[in-house]
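The values are calculated or read from the model by the stated rules, or taken from the named source; none is laboratory data. Everything quoted here is computed from the prediction, not taken from an experiment. FYI the Cβ positions are ideal-geometry reconstructions off the backbone, even for glycines, and counts take in every protein chain you see. Quick note on the areas: whole protein, heavy atoms, side chains included, nothing else; ligands and nucleic acids left out. Shrake-Rupley method; radii C 1.70, N 1.55, O 1.52, S 1.80 Å.
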Amino acid sequence: CAACVWLNERHVAHQDGVSAVEINYATRRARVRWDERRIKLSDILGAIQAIGYRAYPYDAQRSEQLAERERRSMLWRVFVAGFGMMQVMMYAFPVYVAAEGDMSWDVELLLRWASLLLTLPVVLYSAAPFFQRAVRDIRLRRLGMDVPVALGVGSAFLASLWATLSDGPEVYFDSVTMFVFFLLGGRYLEMLARQKAVRGVEELGKVLPSFAERLAAWPDQAQGERVPASQLEVGDILRVRPGEVIAADGLVVDGVGEVNEALLTGESLPVAKQAGDRLTGGSINVSSPLVFRVEQIGDSTRLAAIRRLMARAAMEKPRVATL
């Protein structure tokens, strides 16, 4: 949550040798600047683990694996909570609508015990993360968002358990299961939206092709060779065929065609290109072959600048958010 972001930023910033730290709540990614002579990355990761969190050097594949594991685990917890809520409500409804004298005490007690058995997996499995994080927060002598949730769920369940064992007047198993289900459902939807936003930023980096066709003997167009895009250099002459993605920013030197630049403008209508016009890496050639000279590669391309701006916008917090 936002309080977790604040806590981690403050804790890491106080480590000797750390000069800057920014954590993005949506991507759960931290950007840290530190002095190698005073502190090591392992020490920073250890400091984060000391307050109950885990951090890893960023790896796209590992990040996706963790996200997939998180989605699967959360979905099961929501399913168990939803199933338990429906069944417990089915047992609670007759008690609500029955008039005085319509239901014997033995029947009501049986419904209580059935509700208790169905609430147990909701509390012990679905709501387990709330209790685990609440214990961590209390151990660190701070209050996070999970502390009041755990208090509410735990106190209502224990009160209902005591009422069942001691033939008390009221039980709240239906309220417990419903609260857990709605809270987990909201967090699940939030998690999906957050991961979708992260994938949108990541997919932008996958737009550029892995290979490009280089004309080493230009102006002879018969001798083209496929080379990795990472090996391109400024001044190389490339040929992009219809349907292919332009691998770098450059200037058209031969050919007339049309290019889809929706990546930059959002406009799906193709833009006409001829000799002397500029091409942007990530655009798609939609008509005829174009030959162009590479002018910008790597971090110098316009696409890379867009990614940097997106990352900066996601990382930086306005003053009101910091407050």
Item to check | Which listed residue is out of contact with any strand residue (DSSP E or B) (no Cβ under 8 Å at 6 or more places or on another chain) and of a type in the set (Val, Ile, Thr), from Ile246, Ile284, Ile237, Ile306 | outcome: Ile306
Next on the checklist: For the condition without any contact (Cβ under 8 Å) to a residue 12 or more places away in the chain, basic (Lys, Arg) and within 27 Å of Glu70 (Cα to Cα), what is the one hit in Arg199, Arg187?
Outcome noted: Arg199
Next on the checklist: If I go through the range 218-262 residue by residue, how many of them are over 37 Å from the mean Cα position of the chain (by Cα) and on the phi > 0 side of the Ramachandran plot?
Outcome noted: 2
Checklist outcome for this item: With the first residue restricted to the range 24-44 and required to be over 14 Å from Ser63 (Cα atoms), and the second required to be part of a strand (DSSP E or B) and hydroxyl-bearing (Ser, Thr, Tyr), Cβ contacts under 6 Å at 6 or more apart or on different chains are Arg33/Ser19
Item to check | Output for the range 254-286, where each listed residue is out of contact with any Leu (no Cβ under 9 Å at 6 or more places or on another chain) and hydrophobic (A, V, I, L, M, F, W, C) | outcome: Leu269, Val271, Ala272, Val286
Item to check | Filtered residues of the range 228-243 (kept if among the aliphatic types (A, V, I, L, M) and in contact (Cβ under 8 Å) with a residue 40 or more places away in the chain) | outcome: Leu232, Val234, Ile237, Leu238, Val240
Next on the checklist: Being farther than 19 Å from Pro289 by Cα and at pLDDT 80 or above is the filter here; which residues of the range 204-231 pass it?
Outcome noted: Pro228
Checklist entry - Residues of the range 22-35 being at pLDDT 90 or above and either in a loop (DSSP other than H, G, I, E, B) or surrounded by 12 or more Cβ atoms within 10 Å (Cβ to Cβ) (or both), which ones? => result Val32, Trp34, Asp35
Checklist entry - So which residues in the range 170-186 are open to solvent by 30 Å² or more (accessible area, probe 1.4 Å) and either touching a helix residue (DSSP H, G or I) at 6+ places or on another chain (Cβ under 7 Å) or hydroxyl-bearing (Ser, Thr, Tyr) (or both)? => result Glu170, Val171, Tyr172, Ser175, Met178, Phe179, Phe181, Leu183
Checklist entry - Looking at this structure, is Val12 at pLDDT 90 or above and either in a helix (DSSP H, G or I) or open to solvent by less than 50 Å² (accessible area, probe 1.4 Å) (or both)? => result yes
